[in-house]
1. Starting from 0.36 nm per residue, how many nanometres of slack lie between residue 492 and residue 105 once their C-alpha separation is accounted for?
2. Once both labels are modelled 7 Å past Cα along the beta-carbon direction, what's the residue 508-residue 86 spacing in nm?
3. In what order do 992, 466 fall by count of nearby beta-carbon atoms within 10 Å, going from fewest to most?
4. Ratio of alpha-carbon Rg to the 2.2 N^0.38 Å globular estimate for region 63-149, to two decimals, please.
5. Whole-Hz Karplus ³J(HN,Hα) for region 575-581, in order, using 6.51 cos²θ - 1.76 cosθ + 1.60 and θ = phi - 60°, x for Gly and Pro?
6. Go through region 555-560 residue by residue and turn each phi into a ³J(HN,Hα) via Karplus (6.51, -1.76, 1.60, θ = phi - 60°); whole Hz please, and just put x for glycine and proline.
7. Once you list every other residue whose beta carbon is under 10 Å from the beta carbon of residue 964, what net charge do they have if Lys and Arg are +1 and Asp and Glu are -1?
8. Could you line up 232, 930, 680 from fewest to most neighbouring Cβ atoms inside 10 Å?
Amino acid sequence: MDDFTQWIGDPEKDCTGGALVEASAGTGKTYNIQNFYLRLVVSHGLRVENILVVTFTEAATQELRDRLRCILNDCHNFLNTTPDNNNAARLTPITTLPLLDPPANQNANGVRAEQLRRVRRALIDFDSAAIFTIHGFCNRVLQRYAFECGTDPDAELISEQTEIITDICRIWWRENNYSTPDTAACNPFAKFEYLVKAVTAAAADFDATLKPTISEEECYEILNNLKNSLSDDLTKIPEAAGTNEATRKLEEQLQKIKSKNKQISIPFSHLYEFFAAIPADGKVFWKFPGDSKKKEISLRLPESAGLIANAKQALFALQAAIATQLRYKINDSLLDRSAITYDAMLLRLRQALRDAQGGERLKEVLRAEFKAALIDEFQDTDPVQYEIFKTLFGSSDSPFLMVGDPKQSIYSFRSGDIFTYYQAASEIKNNNKASLGTNYRSENNLVEAVNDFFQEGDTTSQCTFMSPHITFFRVKSHGVKPEHQLCDNTVTPDPQPFKIRYYIHTGKPSKDAPVTSQIYNDTADEIVRLLNSSNGITLGDRHLRPSDIAILTCTHDEASHIATALAKRRIPFVKQPSKSIFSSPLAQDFALLLTALLNPFDQRAVNSTLATNLLRNACKQTPTADTSDILGFDEWIALFREAHTIWLQRSFFEAFQFINSYVDIYAHLVSCKSIDPEADIATVRQLAEICHITANNLHLSPTALQRWFSRQLDKEHREEDDSFKERPASDNSAVRIMTIFAAKGLEFPIVFVPTLWRKTPAGTNFPTYHEETDGTAEKIIDLTTSEDGKTAAFNEKLQEDIRLAYVALTRAVNRLYLTAIKNEDGEIYGDPAKYALSYLLTRPFKDDFIFTKDIDQPTAPAGEPTCWEALNIEPLDTPYNNGQAEVDKKHGHTSFSALASHSATATPVARDIDSSDTDTPDPEPQTADDIFLFPGGARTGDCWHAIFEKIDFQSDTTTIRDKANAILNSFNLCKSTTPELEQRKRDAAHNMIAAVLHAPLGTPPDTFSLADIPLTSRRSELTFHFPLRRDTPDPKLSQLADILTATWDTPARNQTFIDTIGKSQRTIPLGYLTGSIDLLFHHNNRFYIVDWKSNRLGGETQNFATSGIAAEMAAHSYYLQYLIYTVAVDGFLRQNLTNYNYDQHFGGAYYLFLRGVRPNSNHGIFHDRPSATTIAHLTTALTYT
């Protein structure tokens, strides 16, 4: 075949009508896809939204998108500047191609300018590039062209169809098993589960033929003949004794048939059980009464024995017909539910293209939109996908390129069908086929070693991949750069980088056999040897790192054993996720946290959460733990209530971040004596992200999200999604352990394949294989599980195992370790007809570049293994210290609430909480003022805050009252024992609102009230963040007292407050200070701060006079609060207001104690505007610039 790299610069090779490129491992497939894509942009002049690029996973799609953007950017730089030597050889063949639709000016400058314009346009439009997974492409077509496809564009995507299949089967079972005795007798399925299995198998491969295939009429005739003959035989010989277990079971089934025959006609289900009891070899013997000789089945059932084989085929043919019929009802059920599955996407698009009326129209619009198509990983496609692409582009004049490698087709469990690749290869003309024949991944000697290992044999029986459709061609080697070469004790390159280690063992080793354990341990010991710096093994000019090594296994269980061996040697590793994140014990704890956040008033829910491993609690601390920052239960309740409000108003993730910022969940997890605290942190982070994404995507309320999460904890009802798999904490400087399936497409300097010798094809419910006739392959699902079917299916699986071995052995860049087992006579373990590695190793191959070694004794002495000594490696970010976390608490987020609390350290908090906001019971009225009927606490404060946040101050009285009533109702704040008391509370609230809105503010002559402030001149709940100083060691809050003593000269100055903070030992964190200002408004060219206070002040009106308010301000450090707010607002205005002047533009801070405000009075109102000097000094002391 032609070399595809030569096609890139050949104007005659435009790939119209379909072209197929076979790209062996490491031959630069993606590199050449980039080049072809660039050619379509530069030479063909196509826009990126008109070039369809399809690959088969989300990760591959994102990588391909990044790589395509990169080549466009490189070409832009190449055309826009003096060409550099690095890209000239690559880009010159593309930029010298003739332009389709050339510009008017066709001289060199004109052509270059047009090329540059096309590339620039591609970069500008690249976010709309048509790069999809196959399902992403189908979903887009079904939604965009819903009319042409006849589909619902808003259909709900469901990840799998098990529930739908079960419902369809249940309906059929009711209709055919419970209606009449006659219909029940004709049910060929002995159990409901058998029906579900058959329909599931049929639905998994929609185009597969279920066999056997016999007409329904003929089936009934054959089965009725058997029923009649069995009736006659059982009448003549009512009973016989079985000679072994198999015959006794068979006789038991015959007796069931005889007993049923006395009542009604023999049900087909009894025949099914009868057939199932017959051994595969058909050898069963009986003894008749009075006769000691064994009798074969022909003597036990003289009339029926000859009919059994055909009757069995007939029964399974009925099952196949029913399963096929129900398979077509799946789509009908999805349409009824307005839902769609991934498989249904493909089937609906194919059906739309096949449609006689709308199909041509759909082809026309899609070909107009996509003027070229490029299909990556084509070996993993299936018949439905190929038909879609071939229908759209196979007969058009559009470039249509398919790139793949049949030797790497390993995803049959994901519906990948290698026979689809074979079909495409047979349909495409030879002059439209090419290959990539140079390996750019591995060192020269390793490339030659792999070539020798997979070299085709001299005879047909020695065909490497057991298939006439796949021929192994040796690839050339480009080699690697010196900085990527492996040097082992000054030897470079390694003359034999492919190392096969044969372990001597007689018999079949189990997964727990000593030789199996030895393989795991020896693999870990060899990794220790490679990593230890004293051995002189380097990669380029540096020592090997754990991340340079990968271990590829066949199963997750093998990976776990390998991980255990590495852990004993203190080698960092990261294992491919294999289980759901919801199976983690921390998921149970997280569910309790969700419940507490949803129901913060439920003390039991909060207590349950405090008992988990997520949160610090005094009862769980060690005797030496520092409990100075442990919260009391009332503080936990207040914290959860605040988080609950954040969840309702914003999002779950913000509520979780609020809790985490307050108690530092991650630091607490480190302090726990966990085996892997980094993994615990990663789990909690992933759970929080999943909740956030799910809530957004499914538009779930807090209650719905909590229910959804609880369902995921139940394995039976858990949704399956790759994003729900546990992800590793980190793979930085860690040995990667993964299955061979996950390693496809990746590369590593050193690769170990220690368990491939164990791989043998696994069985399935029904044998699935292909029958080839006249160049076409028909997929068969054999419901009879015949021996011929099993053999055919097994052979196809064995071929895939050989391809899996090819994938595993082509991941290495520098060195490859392969483990095998042989007996003392030198025979390779495993039947070559059953084990892929045994088949490959028993074929003759040259070993010039392959090192082999026999191992029959453990290579390491008994006792503790040698551990890796990580030299010059940075310690973990989260070290242990006597079970406690060494957390730097000097950095973080803090706020006024944290700075003003009474403990010695500033606990981070995301939002200011009034110190007096502790809920109290509904009080008995102590005064004539009904405003004190409202209890103190967060609920009252939150309600009144919400009212002033949401009402328009300039609205009429009726509108304000209606809005306030709605908010009072939502908080259930006025509910009382009698209607009269409820009305008194409601009237008190309305009077309070009116008094606050009309209270006089400002100073003469510029006096005003809040009722003068329009919505456009105010901002509620204004959140701010500013960085705190970092250049002062252990800054103390007491340092602010010196500033206030020297500069605070306004009437509001409070010496009690100054003295209090002067004695404070609180440290100010070296991070960020955050807060939320209740109201910032603008009036007459000045900005004002307002803070609403719901404090009770003892429940006495006279306490809201000037002296009482001053005492309250000092007691709760509200002075510090408004000083911080003023610093934040001053900084904001200074950055955003032209010609800003503090004295001219800032009007000060108002603290409105809502219960005490009276009409036309300054009662209940505090105001201060600190001097510009005070704020300037505070800004210098607090903020980092």
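Every number here is computed from the coordinates shown, using simple stated rules; none is lab data. Note that the structure is a prediction, hence the values are computed from the model and not measured. Note that we place each Cβ from the backbone using ideal geometry, even for glycine, and neighbour counts take in every protein chain shown.
1. Numbers: separation 387, 0.36 × 387 = 139.32 nm, distance 5.48 nm.
Stretched out fully, the residue 492 to residue 105 stretch lengthens by 133.8 nm.
2. Here the answer is 5.6 nm between the modelled labels.
3. In order of increasing Cβ crowding within 10 Å: 466, 992.
4. Here the answer is 1.39, to two decimals.
5. Once rounded to whole Hz, the list reads 9, 4, x, 10, 10, 6, 4.
6. Each residue's phi maps through the Karplus curve to give 9, 5, 5, 4, 4, 5 Hz.
7. So the surrounding residues net to +3.
8. Arranged by neighbour count, lowest to highest, 232, 930, 680 become 232, 930, 680.
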